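The values are calculated or read from the model by the stated rules, or taken from the named source; none is laboratory data. None of these values were measured; they are calculated from a predicted model. So basically every Cβ, Gly included, is an ideal-geometry build from the backbone, and we count neighbours across all protein chains shown. Calculation scope for accessible area: heavy atoms of the full protein, side chains included, ligands and nucleic acids excluded. Shrake-Rupley method; radii C 1.70, N 1.55, O 1.52, S 1.80 Å.
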Amino acid sequence: MQKAARRIVERLRVHEHEAFFAGGWVRDFLLRRKPKDIDIATSAPPEEVVRLFPNSTAIGAQFGVIQVHMYGRAYEVATFRSDNAYLNGRHPSSVTFSGPEQDAHRRDFTINGLFYDPAAERLIDYVHGRKDIKNRLIRTIGNPAMRFAEDKLRMLRAIRLACSLDFKIAPGTWEAIQKLAPEILQVSAERIRDELLKLLIGPTPDIGLDLLHESGLLTHVLPEVEAMRGIPQFPESASKGDVFANTKTALAMIRKPSTVLALGTLLHNIGMPPPGPVVSSSRLRNR
């Protein structure tokens, strides 16, 4: 994987373009974790990337993202950019191609804003991401409220990353999540689902449920699970605590679950809380 990514970087540089490994790979490299993929950031515009790599696919050319195929694997090659206004809480309305420093500053968290030069074996850090990796902190790049306003899903992603990496969330970032939690429902159900599933099959889903509750997100994305809090177990049950605690314990006991097993474990107590008030069909029609 790394050999192919280096070849892509080398070809871009031969044609006088800057090119670095970017984002999650750099973070995982510093943490000595096995990376899943390598993304590449470059000064080459999308049409130049396509010219240099004919066996490529434009998967987000309007945002400068080209998928390059090398040695049987696909690599995302993205042009350095600055994002303009976010109008839908998901994507920027447009982008301006820029340099590496501007590109780093438009990313979500400091630990994801790093670049690595594979030729010089040099880390490039415009956002103090290395310090936050050392201190095991999830922190937004720049103003937390602005970063979350751009893409509300970043609130869930912060919790999922904290759980998967065993990091803490920086105070300012955490306070912004708590304040903006109701706005998570502006994100599509499909994107929320994907983040929740990653959290549930991760190493500490029980801690994830606590963080979702404490942040205020749980009541919006999984209100049926939030409703388990304070509901006692059956008298004959040997479990201690409420139904929510029992669910967390069950999730903590499974290792590398499938999505189906993780969801089944999460929802196995879903019928324990008493049903809410019945809303008549006439009232629904009048809304």
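Annotation: amide H of Asp108 has no partner in the under-5 Å range at sequence separation 5 or more or interchain, hydrogens built in the peptide plane. Over 28 Å apart at the Cα level, from the set Lys3/Lys168; Lys131/Lys198; Lys131/Lys248; Lys36/Lys168; Lys34/Lys179, are Lys3/Lys168; Lys131/Lys248; Lys34/Lys179.
Tell me the net charge near Val77. Cut-off is 15 Å between Cβ atoms, Val77 excluded, with +1 for each Lys or Arg and -1 for each Asp or Glu.
Working: positive: Arg6, Arg7, Arg11, Arg13, Arg51, Arg73, Arg81; negative: Glu10, Glu18, Asp37, Asp39, Glu47, Glu48, Glu76, Asp103.
Value of the local net charge: -1.
Applying the Karplus relation 6.51 cos²θ - 1.76 cosθ + 1.60 with θ = phi - 60° to the range 129-135 yields 3J(HN,Hα) values of x, 5, 5, 5, 5, 4, 8 Hz, where x marks Gly and Pro. Loop exposure criterion: GluC sites (Glu not before Pro), DSSP state outside H, G, I, E and B, at most 11 other Cβ atoms within 10 Å. Applied to the chain, the longest stretch between such sites is 122-235. For the range 1-117, the spherically averaged projection of the C-alpha convex hull amounts to 7.1 nm². Rounded to the nearest 20 debye, the dipole size of the range 79-231 about its Cα centre is 200 debye, using +1 on the Cβ of Lys and Arg and -1 on the Cβ of Asp and Glu.
Here the 3J(HN,Hα) profile of the range 202-208, calculated from phi with Karplus coefficients 6.51, -1.76 and 1.60 at θ = phi - 60°, is x, x, 9, x, 5, 5, x Hz, Gly and Pro shown as x. Extending 7 Å from Cα along the Cβ direction at Glu224 and again at Glu175 yields two label points whose distance is 3.7 nm.
For Gln233, the amide hydrogen comes within under 5 Å of the amide hydrogens of Val243, counting only partners 5 or more places away or on other chains and with H modelled in the peptide plane.
Karplus-derived 3J(HN,Hα) values for the range 104-114, using 6.51 cos²θ - 1.76 cosθ + 1.60 with θ = phi - 60°, are 4, 6, 8, 7, 7, 10, 4, 6, 9, x, 9 Hz; glycine and proline are entered as x. Annotation: amide H-H contacts under 5 Å for Ile169 (H modelled 1.01 Å from N, sequence separation of 5 or more, or interchain): Ile138.
Quick check: at a probe of 1.4 Å, how many percent of the accessible area of the range 129-264 sits on carbon and sulfur atoms?
Working: 3840 of 6810 Å².
It is 56 percent, rounded to a whole number.
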